[in-house]
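In what follows, a structure is listed as structure tokens, so that the remarks can point back to it.
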Amino acid sequence: MGQEKTTLEIIAPTVDEAIARGLGQLGLSPDTVDVEVLDQGSRGLFGLGSRQARVRLTIRAGMATPEREKTPNPMSRVVKTAQENRAVVSPTIEENRTPVRPKVEESQPEENDPTLRMAAEVVRDLLEKMRVKATLAVKYVDSEDPNEPQSVLVDIQGDDLSILIGRRSETLNALQYIASLIVGKQVGHWVSLMIDVQGYRTRRERQLRQLARRMADQAVHTGRRQVLEPMPANERRLIHIELRDYTEVSTESIGEEPNRKVTINPKK
């Protein structure tokens, strides 16, 4: 049985920095190791979806391992985090190539509508810059307020897209805001754009409606004002709409962003 090769995996902001750190830890020169780029990393877009680079250094056969590496050291052991089926991008630094961006498929809208096409194109480009693989479907949806125009819904589907949602849907709201600005500029007028990820907004909307009704009942039962958790503007609006026909309570938003919240007040 052949001698097991010594390998080391390093994570750093860039590929070059990861390689330099690895060579420094091993105490070797570049011509004594083979380099596998496990992940080129990504700067993301506006800080969204950024990833650090990951490389694996393998000491070539016949090359002596530095004396300090012969002493067992947990910090220098192989970090077995790379998936076994990940493709090796390149065996050497000189052969590094920019990986092909994931293709984002777009379902065809029912009508040849320029606004729908632009919304799909903008979101697709943003996802590609974030290196997120997904499929898109775009369509118009009616607003709950008959006086407001229809909104454009971009529905994103794929595997493990939690990175697009973020804490309290902050990442999703930021993505939606940026896309709305770009689409509006391209088509020449403001577009009410909504982005949903794997049905997250639908589930969240259902939860908020249930919460609003439950807290309204509690306000009536106790005679005390109920204060909800801080929410973004679109979620606060949903609470107001859900309770606008409740004759026994009134709602208002208080506080400053990003900690603005809805209060439910019993009417006397």
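Listed values, structure above:
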read-out: Amide hydrogen neighbours beyond the local backbone of residue 195, cut-off 5 Å, H modeled; value: 154
read-out: Ranking of 148, 36 by count of other Cβ atoms within 10 Å, fewest first; value: 148, 36
read-out: Percentage of interatomic Cα-Cα distances in segment 105-198 larger than 16 Å; value: 53
read-out: Calculated FRET efficiency for the pair residue 170/residue 129, C-beta based, R₀ 25 Å, to 0.05; value: 0.85
read-out: Size descriptor, Kirkwood hydrodynamic radius, that averages inverse alpha-carbon separations across segment 202-266, Å; value: 11.6
read-out: Segment 105-198, relative contact order in percent, only Cα pairs under 8 angstrom and at least six apart counted; value: 29
read-out: Segment 105-198, dipole about Cα centre (Lys/Arg Cβ +1, Asp/Glu Cβ -1), debye to the nearest 20; value: 500
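Values in this text are rule-based calculations from the coordinates and carry no lab data. Everything quoted here is computed from the prediction, not taken from an experiment. Note that we place each Cβ from the backbone using ideal geometry, even for glycine, and neighbour counts take in every protein chain shown.
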